[in-house]
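Quick notes on the structure that follows.
Here, each number is a calculation from the coordinates, and none is a lab measurement. For clarity, every value in this text was computed on a predicted model and none was experimentally measured. Glycine gets a Cβ as well: all are built from the backbone with ideal geometry, and neighbour counts include every protein chain shown.
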Amino acid sequence: MDVNAETARKLREMGAAELLAALSAQDEAVCAGMAFAERVQMAVDEAHSDFITQKVRNLTRRAGLRYSEADVRSVDFFEGRGLDRVAVAELATCGFVGRGENVVLQGLTGTGKTYLACALAKAACARRVRSCYVRQPDLEDLWRESRDRPGGERKLVRKYGAFGLLVIDEWLLDRPDTEFRSMLLELMELRYGTASTVFCTQFKKKDWHPRLGGGVHADAIMDRIVHNAVWVDMGEANMRQRRG
């Protein structure tokens, strides 16, 4: 049986199990009179759709999102919040991921940074982009633990460097020491121009340099983040109070 290039790609992607299940599940009454090639094509399309749905679920689960229910469509743009609807809608397309751009969500505590970051990561998962959520304090703990294992530090940097979209929450809430700054520089260098990072932070750009130590490491880290970043002001409304 001849198949076109797109069907061949789907078959390679799925393997045989999903296709066989889809063929077995076909309604004989619906398929009566259909040529075998037509039945196979229908099964391929159905199986591939189920395969993609399951893959998206797996990617979302493995991303470890703090708010797994987060959805860009549920973001509250009530009058007075000050959140740019157009900017968020553009980010929701995940075009920034394809361009290797960063996103900085800046605002006071409670302004919804984490929720929006999780919603963007979930949208990326829907586009089959491997994503991950991590708090900076947790990332530092994982890094320090990794140093007790041979090659552990390098493996950790490669792991977090490989995600298509990485969300770092509570960015610069704690001032990184010299050693952790070196790791952050290595991580940002690995991701620069090839992957996207979403930073959730309470601090404006002018405050980043001193919180990063104010030296050459601060210069180098910022240079790999701020020049290709989309900055989003989250406004001043406390969303926890509003929901409460």
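Select from the stretch 159-244 those chymotrypsin sites (Phe, Trp or Tyr not before Pro) which occupy a DSSP coil region and have at most 16 other Cβ atoms within 10 Å, ordered by residue number.
Listed in order of number, the matching sites are PHE203.
By counting other Cβ atoms within 10 Å of each Cβ, how are SER196, SER68 ranked from fewest to most?
SER68, SER196
Would you pull out the residues with amide H under 5 Å of ALA229's amide H, same chain only if 5 or more places away, H placed 1.01 Å from N?
ASN102
Please sort by residue number the GluC sites (Glu not before Pro) in the stretch 168-244 whose DSSP state is loop and whose Cβ has at most 15 other Cβ atoms within 10 Å.
The qualifying sites are GLU236.
Using θ = phi - 60° and the Karplus form 6.51 cos²θ - 1.76 cosθ + 1.60, what ³J(HN,Hα) does each residue of the stretch 117-134 get, whole Hz, x for Gly and Pro?
Karplus values, whole Hz, x for Gly and Pro: 4, 5, 5, 5, 5, 5, 5, 5, 4, 4, 9, 6, 9, 5, 10, 7, 10, 8.
Under a 5 Å amide H to amide H cut-off, with H placed in plane at 1.01 Å, what residues pair with ARG135 once short-range neighbours are removed?
The list, which skips near neighbours in sequence, is ASP169.
Out of residues 5 or more away from GLY112 or on other chains, whose amide H comes under 5 Å of its own, with H placed 1.01 Å from N in the peptide plane?
The list, which skips near neighbours in sequence, is MET239.
Counting other C-beta atoms within 10 Å, which of HIS209, HIS227, HIS217 has the fewest, and how do the rest follow?
HIS227, HIS209, HIS217
Which order do LEU166, LEU172, LEU105, LEU190 fall in if you start with the one that has the fewest other Cβ atoms within 10 Å?
LEU190, LEU172, LEU166, LEU105
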